[in-house]
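Q: Below is one structure. I have some questions about it.
The values are calculated or read from the model by the stated rules, or taken from the named source; none is laboratory data. If you're wondering where the values come from, they're calculated on a predicted model, not measured in any experiment. Glycine gets a Cβ as well: all are built from the backbone with ideal geometry, and neighbour counts include every protein chain shown.
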Amino acid sequence: MRVQINNLQLAFILANFSLSASVIHLPRVVVDAASQNAWLVYFLLIPFIALLVMVGMHGINTLPHWDVFSLEKNKPDWGTKGFSLVFGLFLTLVLVKDLRSFTSVIQSSLLPTTPLEITTIIIMGASLYLVWSGLEVIARFTEFYLPAFVVITLASPFILADKIKWANIEPIFNMKTIPSLFQATFNALPWAGEVVILFLLLGHVKSLKNVKFTVFFGTLFGLFQLFIIIFLIISVFGADLVRHQYLPAIGMIREMTITDFLDRVDLFLVVVWIPLMFAKLSLILYGVHRSLNKLFGKNSKINIIPLVITGVMSIWIFKNNISHFQFFMTYIWAVAGLGLEVLIVLGFIILVRIEKGNRAKLSKRIE
């Protein structure tokens with residue numbers, strides 16, 4: 001039986017995928033490049049998302065319920081196997097990146113004395129448990145927690161109203177403005193481009209009618225929440241102070257107070273945001289699992305090996321927070337992430353055309 005999710009769940013999943021992990025380091029990355037103009041990056045990302053959705057999904061509505069990761073074909077299908085290899089490589093890179101970001105937040109805020117290895121194993125174990133529950137559970141999990149996070153995000157400007165300094169976000173126009181904005185946008189492109197996870201989900205959507213609008217809306221909605229957070233971080237702290245913070249979003253959360261009796265709003269955010277991070281990590285693991293199944297031509301449950309390998313990789317590659325942050329600041333993620341995303345989009349376009357050709361031949365034979 002085909003696992004199905006509706007368009008609303010698809011929008012929520014894509015919004016969370018572009019928001020939950022990006023909020024950790026992306027604010028600092030874009031501020032380092034564009035200073036107090038960094039909040040303008042959101043508007044430059046809109047054309048990129050529109051182009052990616054329109055080009056990448058061109059013609060998909062003529063192929064109802066087509067799953068590129070399906071195991072129904074018995075003959076060797078090297079096109080989809082190559083696509084699965086690139087897709088799995090991309091998701092593994094995202095998993096290592098986001099897992100290390102998540103453990104950094106957990107260790108700095110909740111478990112400062114717990115060894116990094118133990119924290120990593122706990123996070124991966126909880127994510128793996130959610131994967132075993134299935135895609136529908138991950139979708140419902142996201143559908144439950146994301147609205148609560150959105151409510152808090154939309155209320156944040158009112159909570160921080162007395163701490164906002166409008167001078168901190170006034171655009172500065174000079175000879176360096178345009179180059180710095182393009183540099184910040186280039187750094188942000190692979191974060192926004194993670195929306196290519198939609199190619200994993202299209203085979204499970206109940207109807208592909210209006211799915212382009214759903215993808216476009218869900219992704220931009222998630223990035224809009226991120227835009228609000230970046231806007232508030234800059235307006236409260238100023239660009240110069242943000243550059244010296246490893247986790248500026250955590251610093252902003254600690255500034256949020258409603259009354260003298262309710263001065264720990266960060267606890268509410270932790271309760272809501274942590275499940276969303278688990279939902280994203282679980283979806284990534286699910287995607288790696290589907291990619292491996294397609295590559296090796298069999299459907300087997302995720303075992304302990306990917307869990308151990310991925311956890312160890314995140315610790316070995318990023319030995320400390322400085323090396324992890326340099327991964328984003330030295331354009332490694334910008335080049336590698338964006339390059340793989342472009343390959344995935346191009347590969348999907350080719351596979352759609354091949355599938356349409358095969359179905360046309362089949363229909364002629366039937367006639």
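Q: Quick one: which residue in PHE227, PHE231 is more than 16 Å from the chain's Cα centre (by Cα), at pLDDT 90 or above and closer than 23 Å to LEU146 by Cβ?
A: After applying the criteria, what remains is PHE231.
Let's see how each residue does on (1) in contact with a Gly (Cβ under 6 Å, 6 or more places away or on another chain); (2) acidic (Asp, Glu); (3) part of a helix (DSSP H, G or I); (4) within 16 Å of ALA249 (Cβ to Cβ):
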position	(1), (2), (3), (4)
ALA139	no, no, yes, no
PRO171	no, no, no, no
GLU194	no, yes, yes, no
ILE230	no, no, yes, yes
ILE233	no, no, yes, yes
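Q: What are the pairs with Cβ atoms under 9 angstrom where one residue, in region 236-257, is within 17 Å of GLN36 (Cβ to Cβ) and the other, located anywhere, is among the β-branched types (Val, Ile, Thr) and surrounded by fewer than 18 Cβ atoms within 10 Å (Cβ to Cβ)? Sequence gap at least six, or different chains.
A: Going by the 9 Å Cβ cut-off, the qualifying pairs are VAL236/ILE164.
The rows are residues; the columns are (1) modelled with pLDDT under 85; (2) out of contact with any strand residue (DSSP E or B) (no Cβ under 6 Å at 6 or more places or on another chain); (3) under 29 Å from ILE49 (Cβ atoms); (4) buried (at least 19 other Cβ atoms within 10 Å of the Cβ).
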| site | (1), (2), (3), (4) |
| --- | --- |
| ASN299 | yes, yes, no, no |
| ILE315 | yes, yes, no, no |
| ASN320 | yes, yes, no, no |
| VAL335 | no, yes, yes, no |
| LEU340 | no, yes, yes, yes |
| GLY347 | no, yes, yes, yes |
| ILE354 | yes, yes, yes, no |
| ASN358 | yes, yes, no, no |
| ARG365 | yes, yes, no, no |
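Q: Among all residue pairs at least 6 apart or on different chains, which show Cβ distances below 7 Å where the first residue, located in region 98-109, is more than 15 Å from LEU26 (Cβ to Cβ) and the second is surrounded by 22 or more Cβ atoms within 10 Å (Cβ to Cβ)?
A: Qualifying pairs under 7 Å: LEU99/THR120; LEU99/LEU281; LEU99/SER314; THR103/THR120.
Q: Related question: Select from region 162-175 the residues that are free of Cβ contacts under 8 Å to residues at least 24 places away in the same chain and within 20 Å of LEU241 (Cβ to Cβ) and write down the one among them that is surrounded by the most Cβ atoms within 10 Å (Cβ to Cβ).
A: In the first step, residues of region 162-175 are kept if they are free of Cβ contacts under 8 Å to residues at least 24 places away in the same chain; the result is 162, 167, 173-175.
If we keep only those that are within 20 Å of LEU241 (Cβ to Cβ) too, we end up with 162, 167.
Values: ASP162: 7, ALA167: 9.
So the residue we want is ALA167.
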